[in-house]
Amino acid sequence: MSDLWNDWRWQLRHAVTGTSPALRELGVDAETARRVQARYPVRISPYALALLSRDNPRDPLNLQALPSAEELLDEPGMVADPFAEKTRSACCYGLKQRFPDRVLVMAHDQCAMACRHCTRKGLLAGAEVVKTPAQLAAAVSWVERHPGVREVILSGGDPLLLSDAKLLAFVRAFARLPQIDAVRIGTRAPAALPMRVTAPLARRLGAAKKVWVNTQFNHVRELAPEAVAACGRLVDAGIPVSNQSVLLKGVNDSADALFELCAALQRARVRPYYVFLCDPVAGIAAFRVPLRRARQLERELARRLGGLALPRFVRDVPGAPCKMPI
């Protein structure tokens, strides 16, 4: 069983969805799970499921993973696509540009765990995803014709759900361009599917000399030994790893929770980079932390953490030229 458990493909094949009896055992009402899944993805890897509490439905990890009726509440002013990703095109399939020096490439449309606070929770179904060699070649050609682009972000969904060969094809295609300083991979795999980060994959990604990884840990308990080891394999391969947390009500909206998370990240050699306020996306009302409280937490954390472990608190604002300090 241990060999299967450590096989990331087995983990994906046995991921829990909204119809699974395993959710009932964790206190999720069957009708609620059905209604949520009809609107948003519900998916949890067995590894991530094993980290959840069987006794406390308001556990920080449970809140991030389990579907809730609160996701179906109407929220004035909140929409599925506040950043116009479905209509924003860089004249190339699966490639988006919001900022002049970087582009985002949709490399996958699924994740090992469909987080309940996901900014793309209503967008992944039917999203433009670069899947074929021709589509990848077109994206590379577009970037090459726009020399102001110096960074490519592989996103989704989670690019690490691709096979080694397909992921490396993305990385190498963009890394070979002299104008590109960094190929950034945005992934939640170290937290939700750490066995995906194998030593051979990490070495091959590191060999490109341009790969950076941004991951997302929101609570210290997500930094289980397996997750720390996955991050270590990336760092040992010469890949800078940074963390982008989301400030989530009931999960990490206290100075103690943020301090423990950032200190643990530093011990794991992962840079605490950003703490994001929730994006203005429909379906995540239950997680929103008021701006005034976020500013208070930022001040409290700055008094307790040295600069190497202190993240920047920011929010993503539609139409803004960059990430905005809070």
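The values are calculated or read from the model by the stated rules, or taken from the named source; none is laboratory data. No experiment lies behind these values; they were computed from the predicted model shown. No Cβ is skipped: glycine too gets one built from the backbone with ideal geometry, and neighbour counts run over all protein chains shown. Calculation scope for accessible area: heavy atoms of the full protein, side chains included, ligands and nucleic acids excluded. Shrake-Rupley method; radii C 1.70, N 1.55, O 1.52, S 1.80 Å.
Side notes on the structure shown:
- Over every Cα atom in the range 191-254, the radius of gyration and the widest Cα-Cα span, Dmax, amount to 12.8, 40 Å.
- Cβ-Cβ FRET estimate between Arg35 and Ala224, R0 fixed at 30 Å, reported to 0.05: 0.45
- At R0 = 41 Å, FRET efficiency that the Cβ-Cβ distance of Ala285 and Arg176 yields, to 0.05: 0.40
- Radius 12 Å from Cβ of Leu277, net charge of other residues (Lys, Arg +1; Asp, Glu -1): +4
- Relative contact order computed over the range 202-298 (Cα-Cα under 8 Å; 6+ residues apart), in percent: 30
- The tail of the calculated P(r) for the range 154-238 beyond 19 Å holds 32 percent of all Cα-Cα pairs.
- Size of the range 1-58 as Cα extents on the principal axes (Å, biggest first): 35, 26, 16
- q = 0.11 Å⁻¹: log10 I(q)/I(0) that the Debye formula gives for the range 103-224, counting C-alpha atoms only: -0.37
- Span from the the range 116-181 Cα centroid across to the the range 31-77 one, whole angstrom: 28
- Carbon plus sulfur fraction of accessible area for the range 208-291, probe 1.4 Å, in percent: 55
- Value of Rg to Rh for the range 1-148 (Rh from inverse mean 1/r over Cα pairs, i.e. Kirkwood): 1.04
- Overall dimensions of the chain by Cα: Rg and Dmax, Å: 19.0, 55
- Note on the range 247-321: the C-alpha convex hull projects to 5.6 nm² when averaged across all orientations.
- A Cα-only calculation for the range 241-280 places Rg and Dmax at 10.2, 32 Å.
- Taking every alpha-carbon pair under 8 Å whose residues sit at least 6 apart, the chain reaches a relative contact order of 15 percent.
- Projected label distance in nm at Lys209 and Arg24, using a 7 Å step from Cα toward the beta-carbon: 5.8
- Between Ala125 and Trp10, residue separation times 0.36 nm minus the direct Cα-Cα distance comes to 39.1 nm.
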